[in-house]
């Protein structure tokens, strides 16, 4: 369940990065259209395109770095959860062993009580036998 949640989280981050990329591409196209219509013809279209491409590449690099950072954080959290899960499994195993030991203790206590009871019965029988023997 935890793995599924972490995987969903990373997938959601991936999908968000894709959406951010698509949005940036739309803004780029809109800016290109706007610039080509409103800019004086002194600058060549190639210079404008290169300038916008540099800005776009910078944005893409920023988005990639942010995505990698979030992915790294998610992987660190996943490792921490895996470590905690292993620790809990080990603790459960120890607890299970403790329960088995407790069951053994209870069994031994029952056997001890049973032995004491039998010893008491034997002692009473022995005393009664001695009384009967003395009477004969």
Burial ordering of 46, 68, fewest other beta-carbon atoms within 10 Å first
46, 68
Working from Cα positions, state the angle (0 to 90°, nearest 10) between the long axis of helix 2-38 and the longest principal axis of the chain.
10
Given a 10 angstrom Cα cut-off, can you work out which residue in 117, 51, 93 is the most mobile in a GNM of the chain?
117
Run lengths n ≥ 4 of DSSP H only: what is the helix-derived mean residue ellipticity at 222 nm for the chain, with -39500 (n - 2.57) per run over all residues, to the nearest 500?
-35500 deg cm²/dmol
State the volume of the convex hull built on the alpha-carbon positions of the chain, expressed per residue in Å³ and rounded to an integer.
81
Restricting to Cα pairs under 8 Å and 6 or more apart, the percent relative contact order of the chain works out to 34
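Taken together, the values in this text are just the output of simple stated rules run on the coordinates, not laboratory data. Note that the structure is predicted; figures quoted are calculated from it, not measured. Because the Cβ atoms are built from the backbone with ideal geometry, glycine has one as well, and the counts that use them run over all protein chains shown.
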